[in-house]
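For reference, the structure discussed in these notes is given below.
Here, each number is a calculation from the coordinates, and none is a lab measurement. Quantities reported herein were computed from a predicted structural model and do not represent experimental measurements. In this analysis, Cβ positions are derived from the backbone assuming ideal geometry, glycine residues included, and neighbour counts consider all displayed protein chains.
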Amino acid sequence: MVSSGFETSSNLLTWSMVMLAFHPECQARAREEVLQVLGDKKEITSDDLGKLKLVTMIVNEILRLYPPIMELTRLVDRDTNIKGYTIPKDSLVTFPILMFHRSTEIWGDDAGEFRPDRFAEGALKAANGEAAFMPFGCGPRICIGMNFSIVESKIFLSMLLREFAIEFSPTYTHAPVVAVTIQPQSDAPVVLRKL
């Protein structure tokens, strides 16, 4: 079982730092936004977080590329017909989140690329009208820790960007591996340079 609030959040923050190190221009834009919205405020409010549009897009793009769960599996409680297909009662149905999050049919030819601006007009528009963005699941059984994880990540990234530039360590090799979550195969060393 994945420990919510630990492994999933630490993976989200790890991949955020890795992608921002890979994309210094995006990092610079996010830093500019953070400094403009937050300045040197010590206490960050939910109103402040709501104004961090690019930071939100970065978090969403990380969640799309490196979701905290790879798939959802549900037990069908009654015979169900979907688009002409009958799914018998007691069948297990698996919804491959990672596959949907990287589908070129849904996200476009650049589905495998880090492009936070795709979320500029929200997740539904980013997914070309498909309900295909579900890093925390969906419906009545959506992860109860979703909002906390997103708020925690936005605060952490904002505070980090305000104080440090994120760069790659010369020893970093990009090699994601799927376990319960998507993790770096052999750590993700980054260098934090004080601004």
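Some points to look at:
- Summed side-chain charge close to residue 88 - residues other than residue 88 whose Cβ falls under 10 Å, Lys, Arg +1, Asp, Glu -1: 0
- Figure legend: label point modelled 7 angstrom from the Cα of residue 179 along Cα→Cβ; no residues of region 51-86 have amide N under 11 Å from it.
- Residue 171/residue 35 FRET efficiency (R0 35 Å; Cβ-Cβ; nearest 0.05): 0.70
- Cβ-based charge dipole, the chain, positive-most Cα from 150, 119, 60: 150
- Part-to-part distance (alpha-carbon centres) for region 32-108 and region 118-164, which is given in Å: 6
- Tilt relative to the chain, helix 53-65 - C-alpha long axis, 0 to 90 degrees, to 10: 50
- Estimated inter-spin distance, residue 131 and residue 70, nm [label 7 Å along Cα→Cβ]: 2.6
- Sequence ranges 176-188, 86-98, ranked by mean other-Cβ count within 10 angstrom, highest first: 176-188, 86-98
- Counting 0.36 nm for each residue step from residue 162 to residue 113 and taking away their Cα separation leaves a gain of 15.1 nm.
- Counting beta carbons within 10 Å around each of 53, 41 and listing the fewest first gives the order 41, 53.
- Size descriptors for region 1-124 (Cα atoms only): Rg and Dmax, in that order, 18.4, 58 Å.
- Note on residue 151 and residue 86: the model spin-label points, each 7 Å out from Cα along the C-beta direction, lie 4.8 nm apart.
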